[in-house]
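A quick write-up on the structure given underneath.
The values are calculated or read from the model by the stated rules, or taken from the named source; none is laboratory data. Predicted model, so just to flag it, every value in this text is computed and none were measured. Counting neighbours? That spans all protein chains shown, and the Cβs are built from the backbone with ideal geometry, glycine included. What goes into the accessible areas is simple: the full protein's heavy atoms, side chains included, and nothing from ligands, DNA or RNA. Shrake-Rupley method; radii C 1.70, N 1.55, O 1.52, S 1.80 Å.
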Amino acid sequence: MQVIFIQNVAGIGKIDDIKEASEGYARNFLFAKNLALQVTKQVLADLKIRQNKKAKDYEAELRAEQSVADKLDGWELILKEKVSAGGSLYAAVGPQKVSEALARGGFKINKDQIILKPIKEIGEYKAKIKFQHGLEADINIIVLKI
């Protein structure tokens, strides 16, 4: 009997996978626990609709991220920080501060997306921003003394 999974089942199938299962296993376990449905014309039509919607959503999300990545690529971010007498920063500049500064500039970037070693001195630095679909943008960070 062919079944379509409506929930992920470890080691067996993922959502929307169509697999062959024995009738007893399907009825007594998969259907009873609402993990899968029997494949019918209606279920296949619903699957096709879901897959088309998922593909359109994926494309729209990819275009949106590409737009943000293009705008950010080469962006110069100027941060003014307090500096000690020795020339080092009182507080290191890390992904959190960069994320907050980008938010002020109109970009919603999570700190986990920013690849940057902590900045401890004034100067120019580069950071990489990674997006979900494998897209990347490089920004320039300029740290100045207040």
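Stretch E121-A103 to full length: gain in nm at 0.36 nm per residue minus the Cα-Cα span?
The span from E121 to A103 would gain 4.2 nm if fully extended.
Taking the Cα centre of the chain as origin, sum charge times position over the Cβ atoms of Lys and Arg (+1) and Asp and Glu (-1), and report the length of that vector in debye to the nearest 20.
Here the chain has a charge dipole of around 320 debye.
Two decimals is fine: what is log10 I(q)/I(0) at q = 0.10, 0.14, 0.19 Å⁻¹ for the chain, from a Debye sum with one equal scatterer on every Cα and no solvent?
-0.58, -0.74, -1.02
Rolling a 1.4 angstrom probe over the protein chains, ignoring ligands and nucleic acids, what is the accessible area of S22 in square angstrom, nearest 10?
Counting only protein heavy atoms, S22 exposes about 70 Å² to solvent.
What do you get for the angle between helix 95-104 and the principal long axis of the chain? Use alpha-carbon atoms, 0 to 90 degrees, nearest ten.
90 degrees
Whole number in Å², please: accessible area per residue of the range 1-91, 1.4 Å probe, ligands, DNA and RNA not counted.
Averaged over the residues of the range 1-91, the accessible area is 71 Å².
Rounded to a whole number, what % of the accessible area of the chain do carbon and sulfur atoms account for, probe 1.4 Å?
52 percent
Highest GNM mean-square fluctuation, the chain, Cα pairs closer than 10 Å: which of I122, I12, I114?
I12
If you line up the long axis of helix 41-72 against the longest principal axis of the chain, both from Cα atoms, how many degrees apart are they, to the nearest 10?
10 degrees
Pick from K128, K33, K53 the residue whose mean-square fluctuation is largest in a GNM of the chain, springs joining Cα atoms under 10 Å.
So, out of K128, K33, K53, the one fluctuating most is K33.
Going Cα to Cα from K54, which lysines come in below 19 Å? Please leave out same-chain ones fewer than 8 positions away.
K14
For the chain, set up a Gaussian network in which alpha carbons nearer than 10 Å are linked by springs, and say which option among I49, I109, I15 fluctuates the most.
It is I15.
Can you give me the convex hull volume of the Cα atoms of the range 70-140, divided per residue and expressed in Å³?
79 Å³
Among I129, N34, L72, whose Cα projects farthest towards the positive end of the dipole of the chain, with charges put on the beta-carbon of Lys, Arg (+1) and Asp, Glu (-1)?
N34
Less than 14 Å apart at the alpha-carbon level, and either on another chain or at least 8 residues along: which aspartates and glutamates does that give for K82?
Those aspartates and glutamates meeting the cut-off are E121.
From zero outward in steps of 10 Å, how is the percent of C-alpha pairs of the range 1-75 spread across the bins?
P(r) for the range 1-75, in whole percents per bin: 18, 35, 20, 15, 9, 3.
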